[in-house]
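The values are calculated or read from the model by the stated rules, or taken from the named source; none is laboratory data. If you're wondering where the values come from, they're calculated on a predicted model, not measured in any experiment. Note that we place each Cβ from the backbone using ideal geometry, even for glycine, and neighbour counts take in every protein chain shown.
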Amino acid sequence: EAQVTQNPRYLITVTGKKLTVTCSQNMNHEYMSWYRQDPGLGLRQIYYSMNVEVTDKGDVPEGYKVSRKEKRNFPLILESPSPNQTSLYFCASSPGGSYNSPLHFGNGTRLTVT
Amino acid sequence: DQQVKQNSPSLSVQEGRISILNCDYTNSMFDYFLWYKKYPAEGPTFLISISSIKDKNEDGRFTVFLNKSAKHLSLHIVPSQPGDSAVYFCAASQSNTGANSKLTFGKGITLSVRP
């Protein structure tokens, strides 16, 4: 089954404790991206990657890191999480390059930073 | 500064009637628009899209209308069904940047379809 898989689905952590949210897609998509969803703010892009070793900042990249060492994986790293990073995070992928190839989203990771 | 605006946070309609979800944008460079639907505990899923060279795109019960001069688009669902109850996100992009590289979303509208 074609899918985007995020892990974990739920995560509670404390301020300053480094964490990684994994994202993997099995559709051989070139493009991958991370979004956060917050009440009243909708979906905002954190980082995106057009291909292996190619990443760029989205609208809200502060406090986050990403890497794209292989095509299928695009982990989101929070080196020193803070409470304002409490949010619902979504990873997404698409074949890329054509604007009529919509994003496929994972089921989300709900992160709470205390 | 919200470039894609969904000003109504929620909409409630009777089953069988039409649902009209509105979306406005401010960036005149946007030329491709999409609607995504999201159920609780799931990721958004693509619903329908429209290019700025068109003013209407239809897919079954879903039709998206685009009014470029007004920078406004709307999603019509006819007839509405209880299973359509979800959050609907409007999104916009510029095709000349490789559209998906910069997809801007609205805040979303929660649609409730009453049986």
Residue pairs within 6 Å by beta carbon, gap of at least six or interchain, first lying in segment B:83-96 and within 16 Å of B:Thr110 (Cβ to Cβ), second hydroxyl-bearing (Ser, Thr, Tyr) and surrounded by fewer than 18 Cβ atoms within 10 Å (Cβ to Cβ), listed first then second, are B:Ser85/B:Ser112; B:Ala86/B:Tyr39; B:Val87/B:Thr110
Checking the conditions here, which among B:Gln81, B:Gln3 is at pLDDT below 95 and out of contact with any His (no Cβ under 9 Å at 6 or more places or on another chain)?
B:Gln3
Among the residues of segment A:8-25, is any hydroxyl-bearing (Ser, Thr, Tyr), more than 17 Å from A:Leu111 (Cβ to Cβ) and within 11 Å of chain B (Cβ to nearest Cβ)?
no
Pick out the one residue from A:Glu62, A:Glu53 that is away from every other protein chain (no Cβ under 14 Å) and under 15 Å from the mean Cα position of the chain (by Cα).
A:Glu62
Residue by residue through segment A:1-60, note down the ones that are free of Cβ contacts under 8 Å to residues at least 60 places away in the same chain, under 11 Å from A:Leu76 (Cβ atoms) and hydrophobic (A, V, I, L, M, F, W, C).
A:Trp34, A:Ile46
For A:Val113: the one exception among (1) within 14 Å of another protein chain (Cβ to nearest Cβ); (2) touching a residue at least 12 places away in the same chain (Cβ under 8 Å); (3) of a type outside the set (Gly, Ala, Ser)
(1)
Collect the residues in segment B:1-12 that are more than 15 Å from B:Val87 (Cβ to Cβ) and surrounded by 14 or more Cβ atoms within 10 Å (Cβ to Cβ), keeping them in residue-number order.
B:Gln2, B:Gln3, B:Lys5
Restrict the check to segment B:56-70 and report whether at least one residue is more than 21 Å from A:Tyr47 (Cα to Cα), within 13 Å of chain A (Cβ to nearest Cβ), modelled with pLDDT under 95 and outside any loop (DSSP other than H, G, I, E, B).
no
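Listed here are the residues, each with its yes/no results for (1) modelled with pLDDT of 95 or more; (2) part of a loop (DSSP other than H, G, I, E, B); (3) away from every other protein chain (no Cβ under 14 Å).
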| site | (1), (2), (3) |
| --- | --- |
| B:Val13 | yes, no, yes |
| B:Asp24 | yes, no, no |
| B:Ile53 | no, yes, no |
| B:His76 | yes, no, yes |
| B:Val87 | yes, no, no |
| B:Ser112 | yes, no, yes |
Take B:Tyr88 and decide whether it is touching a strand residue (DSSP E or B) at 6+ places or on another chain (Cβ under 8 Å) and surrounded by 16 or more Cβ atoms within 10 Å (Cβ to Cβ).
yes
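Per-residue answers, yes or no, for (1) acidic (Asp, Glu); (2) crowded, with 20+ Cβ neighbours inside 10 Å:
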| site | (1), (2) |
| --- | --- |
| B:Gly16 | no, no |
| B:Ser19 | no, yes |
| B:Met29 | no, no |
| B:Pro40 | no, no |
| B:Ile50 | no, yes |
| B:Asp55 | yes, no |
| B:Phe65 | no, no |
| B:Ser69 | no, no |
| B:His72 | no, no |
For segment A:65-87, state whether one or more residues are farther than 13 Å from A:Val21 by Cβ, surrounded by fewer than 14 Cβ atoms within 10 Å (Cβ to Cβ) and either at the interface with chain B (Cβ under 9 Å from one of its Cβ atoms) or among the aliphatic types (A, V, I, L, M) (or both).
no
Can you tell me which residues in segment A:61-74 are closer than 17 Å to A:Phe90 by Cα and either touching a residue at least 40 places away in the same chain (Cβ under 8 Å) or among the hydroxyl-bearing types (Ser, Thr, Tyr) (or both)?
A:Tyr64, A:Ser67, A:Arg72, A:Asn73, A:Phe74
Positions within segment B:26-41 being assigned to a loop (DSSP other than H, G, I, E, B), within 11 Å of another protein chain (Cβ to nearest Cβ) and either modelled with pLDDT of 95 or more or under 10 Å from the mean Cα position of the chain (by Cα) (or both), in sequence order:
B:Tyr39
